[in-house]
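Worksheet for the structure shown next.
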Amino acid sequence: MSLRSVVLRDEKHTGVLLSTKDVDAGAQLVAGSTSALDPDEALKIRRKIDRHIMPLMCGDIQAMDKTTLGSAAILGIQQATHLTTNELGTVFYLGFFVFEYPQNLALQRFPVGKWMSINIFVWAIALACHAACKSFTGLVVVRFLLGACEGSVTAGFLIVSSMFYTRTEQTLRVGYWFLMIGTGQIISGFISFGTLHMNTKGFEPWQWSDIYLCYSIFSIDRRLMIITGVMTLIIAVSFWLFFPDSPTNAWFLTPNERVKAVQRIKALQENQTGVENKHFKTEQMVEALTDPKTWLFALFSALINVVNSLTIQQSLIIASFGFTDVQTTLLSCVIGVVFILAIFTAIRLATRWPNSRAYIGAISFIPAWSGILLVNLLPWSDRAGLLVGQYMIAISVASFALALSWLNNVTAGHTKRIVTNAIMLSSSCIGNLAGPFLWKAQYKPRYHIPWAVIGACTITCSILLLVIRVVLARENRIRDTEHLDVIEEEYIIERITEDGRRVEVKVEKGFLDLTDRVNRDFRYVL
């Protein structure tokens, strides 16, 4: 059957004809379906989706490169390439920032899985080329390319999560693949530890570190080149072949299961977020730019990533406490464990207690603020206490994981979601770009000024989360009042059957690719 048009019928809008580009892709599958969705079957489909999607998202190693350069700093990359601390964390996020919006447009225009696989392949090559860099210019080029390609990954994962999972389920799934940042930190630390014990003529320890971290297709050893080259191809090809673009064409679902997968998303009235629409809608972009919550989330994203920019600085800060290079690489692994435990705890609590995202996110800043006080007030000789304070600051990363899934949950309309994701992720780049410039030599060794700025950011971020909750709760109350006297609308699409007959079938409002502000049935999760 083919989809031709949509007709909106109610007392106020009789016979309004909408073009097919206004309709969500899921409408083509479930329009006119009257079969009830069995809860057991829905659970079976969700588990099947988990088995095929989550391993790929969690197995992607893109998070590791965020800590690669920080680890490489203590292995000698600064001396070899004449980098300053500021330059260390800037170039990557500049590439990320410049290409974030184009990447999101491409994710809407092209198949999501295919586009990400291309970027992951180029990303692997760019990260591999770090090992060949012996100058600042060379490192700038590969870091910029790395950021440009990586901008597609987080945005793509957010889009796929919103298409395959309900809003309640997204909190857990987004948290699961986001906590892989912690896994990357752990792996990076152990690899750095191993490379410190390698003595290879012509290669610095940091160069070995980059080779192993990116599964390079380049190697000074023929056997290593073959092995690592195959590993790189497996990652890229796996995404090309196995990562789905949407539930409407997921290869691992039967035609009937695809219908059920879309119905499962729509089973709850409050979802109302749609599946996918490949047509860019200017009016949705304008709405995203004029929606107050977009900029509240953007400001939060920028400020929290001033704090999270510590990821690059972690190894340097720990080394400044007086630990040796070997000790620093191992101690940096602990921060990865903190990331995992903090994010896992936050998302589990948010799932267990509905509408608690803002509260849990705000609470995560309490240990972070305590850690800032420890780092600033403890004697410089108390290395253990300084280290604990540094670990406590890392707990705040949980709030960003919650915010990513929260923004996805409170935004409807495919183009609007693309634009808001781009704005939030671009804002995170601004925070990560600004963060490294705090750590100037004039503030050594205690860096009281940078820590004061980071402390102010943590306080502001916790307030912003609560403000967002108040704004969304107020809007929900307004909509509850509006719907007391509203006449129920009817939505019809025209389809052509296999024998050539034209039939009109009813479709739910959630399939019209309406934004959260236009669709007054939409309710914001808190």
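The values are calculated or read from the model by the stated rules, or taken from the named source; none is laboratory data. For clarity, every value in this text was computed on a predicted model and none was experimentally measured. Cβ placement follows ideal geometry from the backbone for every residue including glycine, while neighbour counts extend to all protein chains displayed. To get the accessible areas, we keep the full protein, side chains included, count just its heavy atoms, and leave off ligands, DNA and RNA. Shrake-Rupley method; radii C 1.70, N 1.55, O 1.52, S 1.80 Å.
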>> If Glu494 meets every condition in (1) at pLDDT below 80; (2) assigned to a helix (DSSP H, G or I) apart from one, which number is that one?
In response: (2)
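Is it the case, given these coordinates, that Leu472 is open to solvent by 20 Å² or more (accessible area, probe 1.4 Å), in a helix (DSSP H, G or I) and modelled with pLDDT of 90 or more? Before the answer, list the steps.
Working: open to solvent by 20 Å² or more (accessible area, probe 1.4 Å): no; in a helix (DSSP H, G or I): yes; modelled with pLDDT of 90 or more: yes.
For Leu472, the condition - open to solvent by 20 Å² or more (accessible area, probe 1.4 Å), in a helix (DSSP H, G or I) and modelled with pLDDT of 90 or more - is not met.
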> Is it the case that some residue within the range 299-320 is farther than 18 Å from Phe400 by Cβ, touching a Gly at 6+ places or on another chain (Cβ under 9 Å) and at pLDDT below 85?
Replying inline: yes
> If you check Ser381 against the conditions, is it of a type in the set (Ser, Thr, Tyr) and closer than 17 Å to Ile304 by Cβ?
Replying inline: no
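So which residues in the range 433-443 are open to solvent by 70 Å² or more (accessible area, probe 1.4 Å) and of a type in the set (A, V, I, L, M, F, W, C), if there are any at all?
Start the filter on the range 433-443 by keeping residues that are open to solvent by 70 Å² or more (accessible area, probe 1.4 Å), which leaves 437, 440-442.
Across the range 433-443, the qualifying residues are Phe437, Ala441.
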>> Looking only at helices (runs of 4 or more DSSP H) that lie completely in the range 328-406, which have at least 2 residues being open to solvent by 10 Å² or more (accessible area, probe 1.4 Å), farther than 24 Å from Met180 by Cβ and hydrophobic (A, V, I, L, M, F, W, C)?
In response: 365-377, 383-393
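Select from the range 356-371 the residues that are of a type outside the set (Ser, Thr, Tyr) and in contact with a Ser or Thr (Cβ under 6 Å, 6 or more places away or on another chain) and list them in ascending order.
Initially, the range 356-371 is screened for residues of a type outside the set (Ser, Thr, Tyr), giving 357-358, 360-363, 365-369, 371.
Correct list: Gly361, Ala362, Phe365, Ala368, Trp369.
What residue, among those in the range 103-112 that are of a type outside the set (A, V, I, L, M) and either without any contact (Cβ under 8 Å) to a residue 40 or more places away in the chain or touching a Ser or Thr at 6+ places or on another chain (Cβ under 9 Å) (or both), is nearest to Arg143 (Cα to Cα)? Walk me through it before giving the result.
Filtering the range 103-112 down to residues of a type outside the set (A, V, I, L, M) leaves 103-104, 108-111.
From what is left, the residues that are either without any contact (Cβ under 8 Å) to a residue 40 or more places away in the chain or touching a Ser or Thr at 6+ places or on another chain (Cβ under 9 Å) (or both) are 103-104, 108, 110-111.
On the way: Gln103: 17, Asn104: 20, Gln108: 25, Phe110: 25, Pro111: 26 Å.
Top of the filtered list is Gln103.
Hey, could you check the range 407-423 for residues that are of a type outside the set (A, V, I, L, M) and outside any helix (DSSP H, G or I) and say which is modelled with the highest pLDDT? Please lay out each step first, then the result.
The first filter runs over the range 407-423 and keeps only residues of a type outside the set (A, V, I, L, M), leaving 408-409, 411, 413-417, 420-421.
Now drop any that are not outside any helix (DSSP H, G or I), which leaves 411, 413.
Working: Thr411: 90, Gly413: 86.
Here the residue is Thr411.
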> Name the residues in the range 278-326 that are more than 24 Å from Val160 (Cα to Cα), open to solvent by less than 40 Å² (accessible area, probe 1.4 Å) and part of a loop (DSSP other than H, G, I, E, B), would you?
Replying inline: Ser309, Phe321, Phe323
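Residue-by-condition table, conditions (1) at pLDDT 85 or above; (2) assigned to a strand (DSSP E or B); (3) open to solvent by 60 Å² or more (accessible area, probe 1.4 Å):
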site: Gly431; (1), (2), (3): yes, no, no
site: Cys457; (1), (2), (3): yes, no, no
site: Thr460; (1), (2), (3): yes, no, no
site: Leu464; (1), (2), (3): yes, no, no
site: Arg477; (1), (2), (3): yes, no, yes
site: Asp480; (1), (2), (3): yes, no, yes
site: Val503; (1), (2), (3): no, yes, no
site: Thr515; (1), (2), (3): yes, no, no
site: Tyr524; (1), (2), (3): yes, no, no
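Hand me the list of helices (runs of 4 or more DSSP H) wholly inside the range 74-149 holding 1 or more residues that are at pLDDT 65 or above.
Numbers: elements: 78-81, 85-88, 91-109, 112-128.
Fully inside the range 74-149 and qualifying: 91-109, 112-128.
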